[in-house]
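The values are calculated or read from the model by the stated rules, or taken from the named source; none is laboratory data. Here the structure is a predicted model, which is why all the values come from computation and not from measurement. Note that we place each Cβ from the backbone using ideal geometry, even for glycine, and neighbour counts take in every protein chain shown.
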Amino acid sequence: MEGLDLPQSKVSRHMSFLKNAGWVASERKGKWVYYSLATPINPTQRDVLNALRKHLPDQDEAKQDYARLLDFLKTKTADSCNSTKS
C-alpha cells in the first residue's frame, strides 16, 4: 500500500486477482496476509515473469514506487527502534 500509494482495499483486491491467476502466493499470519511471487506454473508465465524482472526496474513509475517503499521501510524501522527505547 505504502509503496504504491494506494488504499488497502484496492491493493487487497488486486492481490486477490493475482493470487487467483497464479502469480502470487499468500500466507496469513494473524490479521495480516503476506504475499510473495508464486513459482511459475507454465513456460509462458515464467517468460513473462523473467521479462518483468529484466525490464520493470528501468521504468520510471516502478523506480518511484520502489523509492517510496524504501522511504516507508526506513521510517517504519526508525519508529520501531524509537518505540523500544521509551
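In the stretch 15-33, what residues are surrounded by 13 or more Cβ atoms within 10 Å (Cβ to Cβ) and either in contact with a helix residue (DSSP H, G or I) (Cβ under 6 Å, 6 or more places away or on another chain) or not hydroxyl-bearing (Ser, Thr, Tyr) (or both)?
Within the stretch 15-33, Met15, Leu18, Lys19, Gly22, Trp23, Val24, Ala25, Ser26, Val33 meet the criteria.
Restricting the first residue to the stretch 34-49 and requiring it to be more than 12 Å from Lys19 (Cα to Cα) and exposed (fewer than 12 other Cβ atoms within 10 Å of the Cβ), which pairs with a second residue that is modelled with pLDDT under 95 and not aliphatic (A, V, I, L, M) meet a Cβ separation below 9 Å and a spacing of at least six or different chains?
Short answer, once both residue conditions are applied: Ile41/Gly22; Asn42/Gly22; Asp47/Pro40.
When residues of the stretch 50-63 are filtered for being of a type in the set (A, V, I, L, M) and exposed (fewer than 11 other Cβ atoms within 10 Å of the Cβ), how many remain?
1
What pairs come out if I take residues in the stretch 9-22 that are in a loop (DSSP other than H, G, I, E, B) and pair them with residues that are modelled with pLDDT of 90 or more and not hydroxyl-bearing (Ser, Thr, Tyr) whose C-beta lies under 6 Å away, six or more apart or interchain?
Gly22/Ala38
Just to check your reading of the model, which residue among Glu27, Glu2 is touching a residue at least 24 places away in the same chain (Cβ under 8 Å) and either part of a helix (DSSP H, G or I) or charged (D, E, K, R) (or both)?
Glu2
Answer yes or no as to whether Lys54 is closer than 23 Å to Arg68 by Cβ and more than 14 Å from the chain's Cα centre (by Cα).
For Lys54, the condition - closer than 23 Å to Arg68 by Cβ and more than 14 Å from the chain's Cα centre (by Cα) - is met.
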